[in-house]
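> Handing you a structure now.
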Amino acid sequence: MISPTATSPTPARSFCLPTVFEIPPVPGASPRPENAARAREEERTHLSRELHDGVGAVLAGLIMFVGAAQTGTAGRPRELLAAVERDLTCAAGELRGVIEQLRPPALSELGLTRALERHAERLSAASALRITVHADEGSESLRPDLMLAVYRIATEAMVNAARHAGASNCAVVVRTDCESVRLGVSDDGRGLQAAAQPGVGMSAMRGRAADLGGSCTWRSQPLGGTTVRCRLPLAHA
């Protein structure tokens, strides 16, 4: 943040992986509504904090700096404008990050398949995980809320495979029929621990599916690996 006595810009945040917490609950357990509600509330709290600490802090600094400029204590006009430009660039970066969390622009610009592929490419570049994405044509004509839910659940599962499972390979498959859209995310990692408790990220995945009348489950294979399966009905009251 810029102050009247310092013109060093606040560096814009670079791309980082979505926050993921504990590996999920016992496979087959029913989601608890209070867990899903708590996960959504924590998401809102996170976004509020990002806006306050990121964009809010930068804009507050700009107000102070412009006020100092009006009194003639903030240096020459050219230096002032350069400093303001740097902080506005930082604020724009922070705001893009928040927008990305609310609804990724890639979904509207590229469609579900390419948006998932882009996320997979970024994740693969930051880890040793190899990810393949396969989605049928019907996935591109989903309602916006269904498309967003599939994207969020799939990317969360991919990140879990990279961060927690120690996996080398991950496959994402999206299929649609006349009644539902089905998502499967499989990896060859170490699998789930039976005693693990649901974390915020996994509860949020369940909550997204439940909000749309669907389900999201996890299963570990005897020789390792985890499969996340999600089913969302195309029609939901």
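Coordinate-derived values only; no laboratory data. Note that the structure is predicted; figures quoted are calculated from it, not measured. All Cβ positions, even for glycine, are placed from backbone atoms using ideal geometry, and neighbour counts span all protein chains on display.
> Which FRET efficiency, nearest 0.05, do residue 136 and residue 44 yield, Cβ-Cβ r, R0 35 Å?
Step by step, r from the Cβ atoms, then E = 0.60.
> Most exposed first by the Cβ proxy, i.e. fewest other Cβ within 10 Å, how do 150, 159 rank?
The fewest-first ordering by Cβ neighbours comes to 159, 150.
> For the stretch 117-237, what ratio Rg/Rh do Cα atoms give with a Kirkwood hydrodynamic radius?
Expressed as Rg/Rh, it is 0.96.
> Tell me the relative contact order for the stretch 106-233 as a rounded percent, counting alpha carbon contacts under 8 Å between residues six or more apart.
Relative CO of the stretch 106-233 lands at 23 percent.
> 7 Å from Cα along Cα→Cβ at both residue 168 and residue 235: what's the point-to-point distance in nm?
Modelled inter-label distance: 4.7 nm.
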